[in-house]
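Working notes for the structure below.
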Amino acid sequence: MKLKGKVALVTGGGTGMGRAICLKFASEGAGVAVNYSKSQKQAEEVAEAARQLGVPALAIKADVSQNQEARRLVDETVAKLGRLDILVNNAGWTRPVTHRELEGLTEEILERTWAVNVKGPLYCVRAAIPHMVKAGGGAIVNITSIAAFQGAGSSVIYCGSKAALGAITKSLARAFAKDNIRVNAIAPGFVDTHFVDWPPEVLEKNIKTSPMGRIPTVDDIANAALFLACEATGITAQTVFVDCGVTALQPVV
Ligand SMILES: NC(=O)c1ccc[n+]([C@@H]2O[C@H](COP(=O)([O-])OP(=O)(O)OC[C@H]3O[C@@H](n4cnc5c(N)ncnc54)[C@H](OP(=O)(O)O)[C@@H]3O)[C@@H](O)[C@H]2O)c1
């Protein structure tokens with residue numbers, strides 16, 4: 001049990017990668033707070049599945065893009081589960097807008113993308129840090145995207161928001177290194193979740209062009225999150241690409 005006695009908060013933990021991360025952490029003995037904003041049923045099912053694994057777990061509703069809700073989310077996690085050792089900023093939001101269609105970037109899309117993907121993680125980190133300091137250290141894992149590095153992804157602002165979260169990862173890692181708080185990022189490649197619900201041809205294209213001949217699974221992401229949360233003891237300020245080799249190897253033409 002790699003996380004016995006530890007407590008993790010996973011934002012957007014009811015679905016997709018967040019679900020896999022919650023269950024991976026629970027299977028290693030961590031208590032888990034499963035955050036959701038809309039997916040209540042899914043989050044409660046994840047919390048129940050975690051409890052079946054023998055750890056304390058609960059689902060907590062909070063819109064992480066709202067400072068007071070993010071603060072309450074962290075406070076409730078600590079009040080109900082007793083401490084906070086690991087924060088995974090997994091919640092994300094996007095709307096597909098092709099990159100040349102700049103007029104399609106409405107104020108709502110611009111603001112919401114930035115609020116959920118950039119301000120949300122920062123709000124959660126700000127609330128979590130004092131608890132981690134109290135616990136003698138902690139690990140923060142931010143889910144970014146290869147979109148930040150490729151200039152390709154669901155929208156220009158989505159790519160920008162994930163690049164910003166990558167930069168914030170580094171700043172936070174420097175600021176809190178002396179407090180034994182490690183801050184790292186995972187940049188997933190294309191993963192088959194309901195994040196965008198791309199048409200099947202997009203999925204097929206991603207599989208076909210992947211150096212490994214497949215796309216990463218939610219379990220691949222959860223394995224990397226577990227590594228960064230507890231095994232990567234000397235690692236901070238890094239981005240781990242879980243993209244089946246796409247960013248580093250694709251394509252030589
Ligand atoms: N799928 C991909 O190809 C891909 C690639 C690279 C990076 N990513 C990133 O991976 C992360 C997880 O996405 P996923 O693929 O697993 O898709 P997903 O299942 O749609 O997960 C997104 C999660 O974010 C939560 N969320 C959205 N807005 C929120 C808010 N304001 N407050 C709290 N939670 C909120 C959603 O919860 P509710 O339903 O409750 O709102 C949902 O659980 C995201 O950060 C995404 O940007 C995805």
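Read the figures in this text as sums done on the coordinates, not as results from a lab. All values derive from a computational prediction rather than experimental measurement. Cβ: placed from backbone, ideal geometry, glycine included. Neighbour counts: every protein chain shown.
Counted by Cβ distance under 14 Å from GLN250, the other residues give a net charge of +2, where Lys and Arg count +1 and Asp and Glu count -1.
Run the reach check for LYS134 against aspartates and glutamates, Cα to Cα strictly under 12 Å, same-chain hits fewer than 8 apart removed. What comes back? Within the straight-line limit of under 12 Å, LYS134 reaches these aspartates and glutamates: ASP85, ASP179.
Calculated FRET efficiency, GLU101 to LYS134, Cβ-Cβ distance, R0 = 45 Å: about 0.40 to the nearest 0.05. Put the Cα centre of segment 190-220 next to the Cα centre of segment 1-53 and the gap is 23 Å.
Work through the residues other than GLN68 whose Cβ is under 15 Å from its Cβ and net out their charges, Lys, Arg +1 and Asp, Glu -1.
My count for the surroundings of GLN68 gives +1.
Remark: segment 19-33, residue by residue, has Karplus-estimated 3J(HN,Hα) of 4, 4, 5, 4, 6, 5, 5, 4, 5, 9, x, 7, x, 10, 9 Hz, where x stands for each Gly or Pro and the curve is 6.51 cos²θ - 1.76 cosθ + 1.60 at θ = phi - 60°. What does the charge count around LYS6 come to, taking other residues whose C-beta lies under 11 Å from its C-beta (Lys +1, Arg +1, Asp -1, Glu -1)? Charge balance near LYS6 sits at +1. Estimated from helices alone, the mean residue ellipticity of the chain at 222 nm is -13500 deg cm²/dmol (sum of -39500 (n - 2.57) over DSSP H runs with n ≥ 4, per residue).
In the chain, Cα pairs under 8 Å separated by at least six residues give a relative contact order of 18 percent.
How big is the charge dipole of the chain about its Cα centre, in debye rounded to the nearest 20, if each Lys and Arg gets +1 on its Cβ and each Asp and Glu gets -1 on its Cβ?
It comes to approximately 780 debye.
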